[in-house]
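The values are calculated or read from the model by the stated rules, or taken from the named source; none is laboratory data. In this text, all values refer to a predicted model and were calculated from it rather than measured experimentally. Quick reminder, even Gly has a Cβ in these numbers, built from the backbone with ideal geometry, and neighbours come from all protein chains shown.
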Amino acid sequence: MKMLIAGLVMFLGVHSLRMLAPAWREQMRVRLGQGGWKGLYSLLSLVGLALIAWGFDLAREQPVLLWSPPTGMRHAASLLTLLAFILLAAAYVPGNHLKARLGHPMVLGVKTWALAHLLATGMLAHMLLFGTFLLWAVANYAISRRRDRREGVVYAPGRTIPTVVTLLLGVVGWAVFAFGLHGLLIGIKPFG
């Protein structure tokens with residue numbers, strides 16, 4: 001569990017700088033330059049992500065069951081992860097209604113993804129991983145929306161075509177991951 005916790009601290013710590021230490025973050029961006037800052041940020045994020053993957057894999061070798069979720073929770077998780085993929089797509093497709101309405105669809109996608117996985121499993125390692133991401137995403141979204149209001153951020157209005165593209169990309173991404181990549185990368189086949 002130590003590797004998993006270290007990875008979570010590193011990965012989510014780096015991704016929390018804007019909400020917890022914006023002035024320090026800006027000082028570092030100026031000191032290191034845009035390229036240097038992005039390089040360091042990316043390196044720390046990748047190391048954190050690698051530690052999370054390694055630690056999670058190690059923790060799954062000695063599973064600790066906390067509770068047994070009902071079978072229906074797996075169905076709910078499938079629907080929630082579909083929504084998470086759509087929200088992820090909304091973060092990258094310019095001009096869609098979801099981005100215009102929600103402001104930070106990627107963070108909402110992380111919340112939805114984490115909640116889905118918490119519903120579907122009762123193992124300690126899963127609770128630690130997904131519970132931590134859920135708490136981070138809840139705090140991040142609240143702080144980001146408050147910052148948007150304080151700074152008067154207005155998102156461009158959404159249009160129909162980008163919204164349809166967002167929905168299609170989300171559904172296709174979810175299907176590819178759910179029916180193929182999840183089993184290959186994670187070792188768990190949600191539908192098989």
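Between residues in the range 98-124 that are not assigned by TED's automatic domain parsing to the domain that holds residue 75 and residues that are surrounded by fewer than 22 Cβ atoms within 10 Å (Cβ to Cβ), which pairs lie under 8 Å by C-beta distance while being six or more apart or on different chains?
Matching pairs, first to second residue: none at all.
Quick check on residue 68: is it among the polar types (S, T, N, Q), in contact (Cβ under 8 Å) with a residue 60 or more places away in the chain and surrounded by fewer than 18 Cβ atoms within 10 Å (Cβ to Cβ)?
Here the answer is no, as residue 68 does not meet what is asked.
Do you know which residues across the range 22-60 are loosely packed, with under 13 Cβ neighbours inside 10 Å and either outside any helix (DSSP H, G or I) or in contact (Cβ under 8 Å) with a residue 24 or more places away in the chain (or both)?
Passing the criteria: none in range.
Just checking, does the range 108-120 include any residue being part of a helix (DSSP H, G or I), β-branched (Val, Ile, Thr) and within 19 Å of residue 163 (Cβ to Cβ)?
Yes - at least one qualifying residue is present in the range 108-120.
If residue 142 passes every condition in (1) in contact (Cβ under 8 Å) with a residue 12 or more places away in the chain; (2) under 30 Å from residue 154 (Cβ atoms); (3) assigned to a helix (DSSP H, G or I) but one, which one does it miss?
It fails just one condition, (1).
Looking at the range 103-134 only, could you name the residues that are among the small types (Gly, Ala, Ser) and closer than 16 Å to residue 170 by Cβ?
Result: 109, 116.
Please work out if residue 71 is of a type in the set (Ser, Thr, Tyr) and within 27 Å of residue 186 (Cα to Cα).
Considered against the rule, which asks whether it is of a type in the set (Ser, Thr, Tyr) and within 27 Å of residue 186 (Cα to Cα), residue 71 comes out as yes.
Out of all the residues in the range 179-192, which are surrounded by 15 or more Cβ atoms within 10 Å (Cβ to Cβ) and either over 18 Å from the mean Cα position of the chain (by Cα) or at pLDDT 95 or above (or both)?
Residues satisfying the conditions are 183, 190.
Among 183, 170, which is among the small types (Gly, Ala, Ser) and closer than 30 Å to residue 19 by Cα?
Answer to the check: 170.
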